[in-house]
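Asks: Dumping the structure here so I can ask a few things about it.
The values are calculated or read from the model by the stated rules, or taken from the named source; none is laboratory data. Keep in mind the model is a prediction, meaning the values are calculated, not measured. FYI the Cβ positions are ideal-geometry reconstructions off the backbone, even for glycines, and counts take in every protein chain you see.
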Amino acid sequence: MTTVQQPAAPAAEEGGGADIRRPPRLRPAGRRDVALFWFAIPGLTALLLFHYVPLLGNVIAFQDYQPYIGIMHSPWSGLDNFDVLFNGDDQFLRALVNTLQLTLIQVVFVFPAPILLALALNSLVSERIKKWVQNVLYLPHFLSWVVVVALFQQMLGNTGMLNLFLQAHDLGTWNIIGNPELFKSLLTSQVIWKDSGWGTILFLAALSRVDNDLYEAAAMDGASRLRQTWHVTLPALRGLVILLLILRLGDALSVGFEQILLQQTGVGLENSEVMDTYVYNHGLLGGDWGVSAAVGLVKGLVGVVLVLGANKVAHLFGEEGVYTS
């Protein structure tokens with residue numbers, strides 16, 4: 001019987017000990033993540049083309065821009081277009097006051113609405129009912145503002161369902177859609193109805209991460225449902241609320257361009273003109289491109305300052321904010 005002799009193992013290096021193998025060489029990150037880079041290219045391209053390249057157009061804020069001769073040949077005007085901000089143009093001041101009023105109203109009433117709605121949904125015991133209510137509340141978000149405004153006009157207009165009901169019972173009529181005094185309240189109610197349900201997604205996700213043991217411990221200590229919400233639920237949402245509030249401040253001077261433009265003719269410019277519609281009416285419609293670009297540029301800079309300032313305040317209170325410094 002013949003035996004097959006196995007090849008001898010290589011001798012260990014002088015000094016004895018087991019054979020030490022080198023770890024496999026890691027591929028460079030560029031090669032390892034090349035598939036991820038390819039997937040990111042479409043998004044980065046869209047971000048570059050539609051967000052960063054248009055920033056170059058802000059140069060017309062310093063020009064007497066004429067669209068027929070283009071940016072390269074329009075004469076420079078320096079800071080003349082910014083005189084509307086410092087010399088007190090009545091139309092601009094009116095748009096600024098309306099914008100600040102709507103911003104304050106929406107921060108006070110619109111921003112807390114998804115939080116309160118998420119707390120109410122989280123208190124529901126039945127998961128089936130909770131999911132059904134969530135689906136119903138999400139639906140308005142997917143409607144365009146054209147549809148939303150049309151629905152409100154059909155319900156609250158002069159010939160809408162409400163007034164038809166009042167007339168049928170000899171109760172007169174109630175002018176809501178075309179009433180300038182109720183216009184800001186109408187805008188706020190439309191935003192709450194359309195977007196509050198969608199805004200609850202992030203808060204419900206944060207609430208789902210709260211440990212139930214905290215609620216049980218609070219209940220054993222005699223805490224009521226209100227006390228549990230105050231001492232357990234709200235602290236769990238604090239970081240997310242601060243983050244979203246900072247982002248909301250960055251977009252504070254944008255209060256619903258399409259929504260307001262669709263209803264502007266019914267109440268007039270005196271009560272409905274905001275900075276976004278001012279830019280549209282004086283730029284695209286009025287041909288005052290330079291002034292409109294100057295107003296838009298200042299609005300963007302104010303948003304950046306608000307974000308940086310609010311983020312700094314968040315750091316002073318021990319929160320992370322949008323970014324850490």
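Asks: Just to check your reading of the model, which residue among Ala217, Ala168, Ala205 is more than 25 Å from the chain's Cα centre (by Cα) and closer than 25 Å to Val241 by Cβ? Spell out how you get there, then give the answer.
Replies: Numbers: Ala168 fails: closer than 25 Å to Val241 by Cβ; Ala205 fails: more than 25 Å from the chain's Cα centre (by Cα).
Ala217 is the lone residue from the list that is more than 25 Å from the chain's Cα centre (by Cα) and closer than 25 Å to Val241 by Cβ.
Asks: Which pairs do you get when a residue that is over 20 Å from Ser224 (Cβ atoms) and surrounded by 17 or more Cβ atoms within 10 Å (Cβ to Cβ), found in region 114-128, comes within reach of a residue that is hydroxyl-bearing (Ser, Thr, Tyr) and modelled with pLDDT of 90 or more, reach meaning Cβ atoms under 7 angstrom, with the pair 6+ apart or on two chains?
Replies: Matching pairs, first to second residue: Pro114/Ser196; Pro114/Thr200; Leu117/Ser196; Leu117/Thr200.
Asks: State whether the residues of region 95-105 include one that is farther than 28 Å from Arg238 by Cβ and touching a Phe, Trp or Tyr at 6+ places or on another chain (Cβ under 8 Å).
Replies: There is at least one residue in region 95-105 that is farther than 28 Å from Arg238 by Cβ and touching a Phe, Trp or Tyr at 6+ places or on another chain (Cβ under 8 Å).
Asks: Give region 225-255 a look and list any residue that's assigned to a loop (DSSP other than H, G, I, E, B) and surrounded by fewer than 18 Cβ atoms within 10 Å (Cβ to Cβ), or say none. So that I can check it myself, show each step before the final result.
Replies: Let us first name the residues in region 225-255 that are assigned to a loop (DSSP other than H, G, I, E, B), namely 251-255.
Within region 225-255, Asp251, Ser254 meet the criteria.
Asks: Give me the pairs, please: first residue somewhere in region 77-101 and in contact (Cβ under 8 Å) with a residue 24 or more places away in the chain, second residue anywhere and hydroxyl-bearing (Ser, Thr, Tyr) and assigned to a helix (DSSP H, G or I), beta-carbon distance under 6 Å, and either six or more positions apart or on two chains.
Replies: From region 77-101, the pairs are Ala95/Tyr278.
Asks: May I pose another question? Out of region 292-325, which residues are out of contact with any His (no Cβ under 9 Å at 6 or more places or on another chain) and within 30 Å of Gln66 (Cα to Cα)? Walk me through it before giving the result.
Replies: Going through region 292-325, the residues out of contact with any His (no Cβ under 9 Å at 6 or more places or on another chain) turn out to be 293-294, 296-320, 322-323.
Correct list: Ala293, Ala294, Gly296, Leu297, Val298, Lys299, Gly300, Leu301, Val302, Gly303, Val304.
Asks: Of (1) assigned to a loop (DSSP other than H, G, I, E, B); (2) in contact (Cβ under 8 Å) with a residue 12 or more places away in the chain; (3) small (Gly, Ala, Ser), Gly222 satisfies all except one. Which?
Replies: Among (1) assigned to a loop (DSSP other than H, G, I, E, B); (2) in contact (Cβ under 8 Å) with a residue 12 or more places away in the chain; (3) small (Gly, Ala, Ser), Gly222 violates only (2).
Asks: Inside region 256-279, can you point out the residues that are outside any helix (DSSP H, G or I) and under 27 Å from Leu116 (Cβ atoms)?
Replies: Matches in region 256-279: Gly256, Val274.
Asks: Something else: Can we say His282 is under 20 Å from Val241 (Cβ atoms) and either in contact with a strand residue (DSSP E or B) (Cβ under 6 Å, 6 or more places away or on another chain) or assigned to a helix (DSSP H, G or I) (or both)?
Replies: Working: under 20 Å from Val241 (Cβ atoms): no; either in contact with a strand residue (DSSP E or B) (Cβ under 6 Å, 6 or more places away or on another chain) or assigned to a helix (DSSP H, G or I) (or both): yes.
Criteria not met by His282.
Asks: Determine which single condition Val148 fails, assuming it passes every other condition in (1) of a type in the set (A, V, I, L, M, F, W, C); (2) within 30 Å of Leu261 (Cβ to Cβ); (3) out of contact with any helix residue (DSSP H, G or I) (no Cβ under 9 Å at 6 or more places or on another chain).
Replies: (3)
Asks: Is it the case that region 153-172 has a residue that's surrounded by 12 or more Cβ atoms within 10 Å (Cβ to Cβ) and aromatic (Phe, Trp, Tyr)?
Replies: no
Asks: Another question, then. In region 63-76, how many residues are touching a residue at least 60 places away in the same chain (Cβ under 8 Å) and not in a loop (DSSP other than H, G, I, E, B)?
Replies: Summing the residues that are touching a residue at least 60 places away in the same chain (Cβ under 8 Å) and not in a loop (DSSP other than H, G, I, E, B) in region 63-76 gives 1.
Asks: Filter region 211-223 for residues that are under 16 Å from Asn122 (Cβ atoms) and either among the small types (Gly, Ala, Ser) or modelled with pLDDT of 85 or more (or both) and give the result.
Replies: Ala218, Ala219
Asks: Which condition number does Gln264 fail, the rest of (1) closer than 24 Å to Gly178 by Cβ; (2) within 23 Å of the chain's Cα centre (by Cα) being met?
Replies: Going through (1) closer than 24 Å to Gly178 by Cβ; (2) within 23 Å of the chain's Cα centre (by Cα) one by one, Gln264 breaks only (2).
Asks: Moving on to the next point. Go through region 139-180 and count every residue that is assigned to a loop (DSSP other than H, G, I, E, B) and within 16 Å of Ser272 (Cβ to Cβ).
Replies: Step one: filter region 139-180 for residues assigned to a loop (DSSP other than H, G, I, E, B), giving 143-144, 157-160, 169-179.
Then keep just the ones that are within 16 Å of Ser272 (Cβ to Cβ); that gives 175-179.
Of the residues in region 139-180, 5 are assigned to a loop (DSSP other than H, G, I, E, B) and within 16 Å of Ser272 (Cβ to Cβ).
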